Amino acid sequence: MSSWRDTTCGVLTAADAGRRVTLAGWTDTRRDHGGLVFVDLRDHTGKVQLVLNPERAPGAVGTAHEIRNEFVLQAEGEVVLRAAEAVNPNLPTGEIEVQVDTLRIVSRSEPLPFQLDEENVDEVLRLRYRWLDMRTERMQRNLRLNHTVIAAIRRTMDELEFVDVWTPSMTKGTPEGARDFVVPVRLQPGRFFALAQSPQLFKQLCMIGGLDRYYQIATCWRDEDLRADRQFEFRQLDLEMAFVDREDVLDVLEACVVASFKAVGREPPARPFPRLSYAEAMARYGSDKPDLRFGLEVEDATELTRRSEFGVFAGAPVVRYLVAPRAFSRAELGRLEEIAKEWGAKGLAYLVVDESGELRSPIAKFLSEAEIAVLKPAPGSTALFAAGDEETVARVLGGLRAHLGRELELADPSVDAFHWVVDFPLFERDEDRSGWTFMHHPFTAAVAGSEDRIESDPGSVLGQHYDLIWNGWELGSGSIRIHRADVQQTVFRAMGLGEEEQRAKFGFLLDALAMGAPPHGGFAMGIDRFVALMAGEPDIRQVIAFPKVSSGSDPLTGAPTPYPEQTLRELGIRSIVDPEQA
Ligand code: ASP
């Protein structure tokens, strides 16, 4: 294998008994037993027990007394079968041990900030000493899983004749709905690159350039608050295809998901994945990324309560409810109300029916018999109501549904529910609600035949945009793109961009679209999210080698750091932050 070792620790079995081996690795544990010293030696393949016997190798035993956890060792000796009572059935190498003849300390370790087998180590400490954390089984498994998935995706893309094209990281702002990370340029003080939020426009240019099928495992940078499923920088499977319709794109993604599942030895989800329209997802689940591993669908009571004595219902544009399979206590309902308020509700009306069939509800006295007959849930359950405008009601019930799914453990953890959400609106009201902004990004095509309403009635136009969802997590988005400059300009105008601004920001795209652009579409899937879910991890930091913490810092290097004034001056920058505060 190499001059350091001729085998690895985790592969030795009873079949190797009698073999002479040279091993190298880390000290997992050292135990002294009446003259004998036992060392568990660990490398990336697993652990093996070394035995140091004073009769066989007195020198090696002397060396062994110096060993501490995580020292790097090289050992030479003979593989022997363990005595029956010493066999460890929990270890793949548990039937054998290595009787050591010579032992070398290759590298020493200072006392460790935490032990590798310690549970609940503070995450900042783990990240500060990531090289130690990486030696744990969890991180070894996760980083290797990440590799296996990416390798499977690359194989699939290659088989499907996609071309891996590198696109620039330093570019012009790409509108993906986040802030840009800005890069100053020494050679042109006062001018800045943006770190690409995605390769969106470059991949479209690849289609206009005749490449037909582009892909990249692309790094993207977005200046957003960090969350469980979000880092400043992340990788996505980014792809684009020419002369395709939506179904052609979805097909490729499904092939990648299935190949990834197979590569990690997991039963893949059945194809085709179900398709759900945005309108249906919002109406039935109150979310555009519902977890379909459980039902708990939103029910509608708008018509029923039009003339209700209960004014809150009668006066609301929409009244909808969920029936949770549990008779909640008053305290639990209080907590649910808090959650509903966080999602924008003013309060939470409910009908609880306990196991004995008794109805508990402050609003029951206002409801007619006909209303009660429909709305009263079965014994042992609770109807939770939201009344208001359609958007708020969906948000509130969607939020409650997701919460109840977790709280009541409604999802079967052995199920993998993949689905597509399709037919999103092209536009949504922008934040100050005076205009329109894109739902996906401004390059998404309208559903064929609705282009003429883009400017006259933007709110009514559906886009050819689709999202991929796994167990309630959005894995990624894509769309069929606009391939005509004049149509692209109508979208820009609907977003309030004048001719000059269009040219300044997207002149190169408009020029390219005007020189023979094929119909095209694509997708981007967040690799870290996909792998985190695959690994059963609660956040993407656990599958990324060197992630940042929620403040946006890297505990390992200490970045970001202030820069000397001289350096900033060269870049044409003057900081307004007091260096003491930075
Ligand atoms: N550029 C989009 C994103 O990064 C994906 C796409 O539309 O292909 O989310």
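The values are calculated or read from the model by the stated rules, or taken from the named source; none is laboratory data. Computed from a prediction, not measured in an experiment: that's the story for all the values here. Counting neighbours? That spans all protein chains shown, and the Cβs are built from the backbone with ideal geometry, glycine included. The area values use the complete protein model at the heavy-atom level, side chains included, leaving out ligands, DNA and RNA. Shrake-Rupley method; radii C 1.70, N 1.55, O 1.52, S 1.80 Å.
Please give the per residue accessible area of segment 455-530, computed with a probe of 1.4 Å over protein heavy atoms only, in Å².
That works out to 35 Å² for each residue.
Over 23 Å apart: what share of the alpha carbon pairs of segment 309-422 falls there, rounded to a whole percent?
Distances greater than 23 Å cover 31 percent of the Cα pairs.
Quick one: give the max-minus-min coordinate of the C-alpha atoms of segment 153-300 along each principal axis, largest first, in Å.
Cα extents, longest axis first: 59, 39, 31 Å.
Where does the chain land at 222 nm, in deg cm²/dmol rounded to the nearest 500, when only DSSP H runs of n ≥ 4 count, each adding -39500 (n - 2.57), divided by all residues?
It lands at -8000 deg cm²/dmol.
If T557, T27 are ordered by their accessible area, calculated over protein heavy atoms with a 1.4 Å probe, which sequence runs from highest to lowest?
Accessible-area ranking of T557, T27, largest first: T557, T27.
How long are the three semi-axes of the equivalent ellipsoid of the chain, in whole Å, if each is the root of 5 times an eigenvalue of the C-alpha gyration tensor, listed from largest down?
52, 36, 24
Carbon-plus-sulfur fraction of the accessible area of the chain, 1.4 Å probe, in percent?
Here it works out to 50 percent.
Using a 1.4 Å probe and ignoring any ligands, DNA or RNA, find the accessible area of L112 and quote it in Å² to the nearest 10.
40 Å²
Determine ³J(HN,Hα), in whole Hz, for all residues of segment 126-139 in sequence, where each value follows from phi through the Karplus function 6.51 cos²θ - 1.76 cosθ + 1.60 and θ = phi - 60°; x replaces Gly and Pro.
4, 6, 4, 10, 4, 4, 7, 4, 5, 6, 6, 4, 4, 6
Checking a compactness column here: for segment 190-237, what do you get for Rg(Cα) / (2.2 N^0.38 Å), N being the number of residues?
Segment 190-237 yields a ratio of 1.39.
Once phi is turned into ³J(HN,Hα) by the Karplus curve 6.51 cos²θ - 1.76 cosθ + 1.60 with θ = phi - 60°, what whole-Hz value does each residue of segment 181-195 show in order, with x for glycine and proline?
So the J values, rounded to whole Hz, are 7, 10, 10, x, 10, 4, 6, 9, x, x, 10, 9, 8, 9, 6.
Out of residues 5 or more away from I96 or on other chains, whose amide H comes under 5 Å of its own, with H placed 1.01 Å from N in the peptide plane?
R82
Using only the heavy atoms of the protein chains and a 1.4 Å probe, how would E97, E474, E407 rank by accessible area, largest first?
E407, E474, E97
Take the alpha-carbon centre of segment 359-412, take the same for segment 182-232, and report the distance between them in whole Å.
Rounded to whole Å, the Cα centres lie 44 Å apart.
Could you work out how far apart the two model spin labels at R330 and E455 are, taking each label as a point 7 Å from the Cα in the direction of the beta carbon, and quote it in nm?
In this crude label model, R330 to E455 measures out at 6.1 nm.
So what is the accessible area of segment 22-110 per residue, in Å², with the probe set to 1.4 Å?
Value for segment 22-110: 47 Å² per residue.
Just need log10 I(q)/I(0) for segment 83-172 at q = 0.16 Å⁻¹, Debye formula, equal scatterers on the alpha-carbon atoms, no solvent, rounded to two decimals.
Result of the Debye calculation: -1.01.
How big is the antiparallel share of DSSP beta bridges in the chain, given as a percent to the nearest 5?
95 percent
Take the alpha carbon atoms of segment 221-319, find their radius of gyration, then divide it by 2.2 N^0.38 Å using N residues; give the quotient.
1.61
For E280 and T102, compute 0.36 nm times the residue count separating them, minus their Cα-Cα distance, and round to one decimal in nm.
In short, 57.1 nm is gained.
Could you work out how far apart the two model spin labels at Q140 and R186 are, taking each label as a point 7 Å from the Cα in the direction of the beta carbon, and quote it in nm?
Placing both labels 7 Å beyond Cα along the Cβ direction yields 4.3 nm.
Using a 1.4 Å probe, what is the accessible area per residue for segment 197-304, in Å²?
Accessible area per residue: 41 Å².
Rounded to whole Hz and in sequence order, give me ³J(HN,Hα) for segment 218-233 from the Karplus expression 6.51 cos²θ - 1.76 cosθ + 1.60, θ = phi - 60°, writing x for Gly and Pro.
Going residue by residue, I get 9, 7, 10, 10, 9, 7, 9, 5, 7, 9, 3, 10, 9, 10, 4, 10 Hz, with x marking Gly and Pro.
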